């Protein structure tokens, strides 16, 4: 089969690889119908977080089940499924607690030894615990379903971690696909006001379409000042940090209201930079977040997508075929695209 | 009147100072009946956080109202009152939200220009917003009431920040008065299991009396190992950080379960040290805490003390008179006493 591999800095290529096939009795093999490129894929592409040479790319996909192992009970060949970006057994203490990303048998699609999402098929470990079946006959745009594999669930996780409550004032740092989905998630949880930090005209427009009520174009100290001006000097009840830089974390903490919370989901590429523990202490600002256990949220979010109450699909503004994966990466790297979909 | 002042490293003296008196119409003057010494007072005593020369000491006290200003409506002379360790106007946005420690007109008793708790009387700014009246005829030990001015409220804050839920496994890092009160707070919130990290026989015994179910004497990496062994490898759902050192923070994060929370109330004397943001991200461990808004919790905790459901008074294991304040500091500094009460 054909799949995408990363060989180094900005070097992504589609090549012939061994067919995906069942290895364990709890596996399924899913034929990928749609996949997409993540901001965290870009960390490898840009060499910010270098990948092992020839590692598969991609961890977000939906598709149709082709084969299942003998111990798979809840997923059948022919089922249309959404895969969260990590696999999980669904039965360990962490999975039962809803922290599927900490599953003791879990892993990330595309990690060495596994299939990436940017390929014609994917072996899915622990298929019963991992995959969520789309009910037969359900009518939903592929793009909306595909966002449930990562960005929409991650935006939702950020909003939960930021303790978004009905009527709350929420600020979102980061106008990428996750930040934009976080706007949807915050509104879905009842946020009264959503301040999006963005200076990018198209992303700002999409944020507004998703329910943002205010836009802040400033950055750094001026951004903190601007959000405080919008909030009678108080800051936002809930802040969503959807960028993993120290500067973004500094801004996120700075615009949070005393007693408020920052929910962060951007991979922290600068380590502790921007985290000011003394400020958190003095002002009682909470910091909660991490790798989103999107598997936990999938049933709930899928129900809303199928009911037509939630449609994050507009985050995809470029669609390419598998052979154009490199262009999908390039467009996101150059910020020409918010998020690239790969249609098979 | 007489009051205690700190002149430098380990140099606390009781001296004659100007009488406390009304300055603004919203003030009250409270005659102190009982005060106590805080772990954070020790930061000044040890010069860890040096104080301005001749600053008043102490911020925890109860007493009887002597005078009230013309705009004080809810507190009357003769009222027995508990003072939280910060004053607050009770009406600003932060106070209304329950974050009284961020009150825009707030301050700490004992800060330069204010009276400290270790004196015969204290001018209390914003008496209506600050003081909580003990109902006439109510029968409660002075020690229990006195803990509501700081340590019990702070322990409760830590437990709330650590998201203690009924049945939860809670670990407490720090066997000082706040850590011990946090044991009480965690049990009060329904914790099923409370693991106290302590190697001090008397403090361990008190923790057990307060409801701790397990004791861990190890420190550092061995402590993390020990807690994981006690919890099937998972760690504690809720961790209370009642020591402000980087080492304690490192331990607190290390013993938290994936998806769990660390509630921290120890003044962070080492800044960001011990905070490992990447670990928090990878394991979804939340960090929430800060200066405890004990005023917010006072009515609820006072009701429990008056009903006999809550008695943190055993944290006091030394009582001195005002003239022996220096000995009260010394005993705590040398860990001969958990917490020193000053009876007037």
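The values are calculated or read from the model by the stated rules, or taken from the named source; none is laboratory data. Since the structure is predicted, the reported quantities are computational estimates derived from the model, not experimental observations. Positions of Cβ are generated from backbone atoms using ideal geometry, with glycine treated the same way; all protein chains shown enter the neighbour counts.
Tell me, yes or no, whether the range B:67-81 has at least one residue that is under 21 Å from residue B:31 (Cβ atoms) and within 18 Å of the chain's Cα centre (by Cα).
Scanning the range B:67-81, I find at least one residue that is under 21 Å from residue B:31 (Cβ atoms) and within 18 Å of the chain's Cα centre (by Cα), so the answer is yes.
Would you check which residues across the range A:251-270 are out of contact with any helix residue (DSSP H, G or I) (no Cβ under 6 Å at 6 or more places or on another chain) and within 21 Å of residue A:49 (Cα to Cα) and list them?
A:264, A:266, A:269
For residue A:264, are the conditions met, namely being touching a strand residue (DSSP E or B) at 6+ places or on another chain (Cβ under 9 Å), within 9 Å of chain B (Cβ to nearest Cβ) and in contact (Cβ under 8 Å) with a residue 40 or more places away in the chain?
When the stated conditions are applied, residue A:264 passes them.
Is it true that residue B:98 is surrounded by fewer than 22 Cβ atoms within 10 Å (Cβ to Cβ), in contact with a helix residue (DSSP H, G or I) (Cβ under 7 Å, 6 or more places away or on another chain) and in the same structural domain as residue B:131 (by TED's automatic domain parsing)?
yes
Inside the range A:126-207, counting only helices (runs of 4 or more DSSP H) that do not spill past its ends, which hold 2 or more residues that are free of Cβ contacts under 8 Å to residues at least 40 places away in the same chain?
A:177-188
Condition first: modelled with pLDDT of 95 or more, touching a helix residue (DSSP H, G or I) at 6+ places or on another chain (Cβ under 9 Å) and within 12 Å of another protein chain (Cβ to nearest Cβ). Can you find one or more residues in the range B:216-226 that meet it?
no
Looking at (1) touching a residue at least 40 places away in the same chain (Cβ under 8 Å); (2) under 16 Å from the mean Cα position of the chain (by Cα); (3) under 20 Å from residue A:173 (Cα atoms), find the lone condition where residue A:335 falls short.
Going through the list (1) touching a residue at least 40 places away in the same chain (Cβ under 8 Å); (2) under 16 Å from the mean Cα position of the chain (by Cα); (3) under 20 Å from residue A:173 (Cα atoms), residue A:335 breaks only (2).
Give just the number: which of (1) more than 21 Å from residue B:84 (Cα to Cα); (2) within 9 Å of another protein chain (Cβ to nearest Cβ); (3) surrounded by fewer than 23 Cβ atoms within 10 Å (Cβ to Cβ) does residue B:257 not satisfy?
So the condition that residue B:257 fails would be (3).
Counting only residues that are within 7 Å of chain A (Cβ to nearest Cβ) and either modelled with pLDDT under 95 or in a helix (DSSP H, G or I) (or both), how many does the range B:277-307 have?
Residues flagged as within 7 Å of chain A (Cβ to nearest Cβ) and either modelled with pLDDT under 95 or in a helix (DSSP H, G or I) (or both) within the range B:277-307 amount to 6.
Please find, within the range A:219-231, the residue that is farthest from residue A:175 (Cα to Cα) out of those that are surrounded by fewer than 19 Cβ atoms within 10 Å (Cβ to Cβ) and within 25 Å of the chain's Cα centre (by Cα).
A:220
Determine, yes or no, whether residue A:40 is farther than 14 Å from residue A:134 by Cβ and within 14 Å of chain B (Cβ to nearest Cβ).
In short, yes.
Just wondering, is there one or more residues in the range B:236-244 that are closer than 30 Å to residue B:60 by Cβ, more than 9 Å from every other protein chain (Cβ to nearest Cβ), surrounded by fewer than 19 Cβ atoms within 10 Å (Cβ to Cβ) and in contact (Cβ under 8 Å) with a residue 60 or more places away in the chain?
no
Residue under question is residue B:52, and the condition is that it be over 27 Å from residue B:68 (Cβ atoms) and either surrounded by fewer than 13 Cβ atoms within 10 Å (Cβ to Cβ) or outside the structural domain of residue B:122 (by TED's automatic domain parsing) (or both); does it hold?
yes
So that you can scan it fast, the table gives a plain yes or no per residue for (1) assigned by TED's automatic domain parsing to the domain that holds residue A:109; (2) in contact with a strand residue (DSSP E or B) (Cβ under 6 Å, 6 or more places away or on another chain):
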| residue | (1), (2) |
| --- | --- |
| A:146 | yes, yes |
| A:179 | no, yes |
| A:183 | no, yes |
| A:201 | no, no |
| A:212 | no, yes |
| A:227 | no, yes |
| A:232 | no, no |
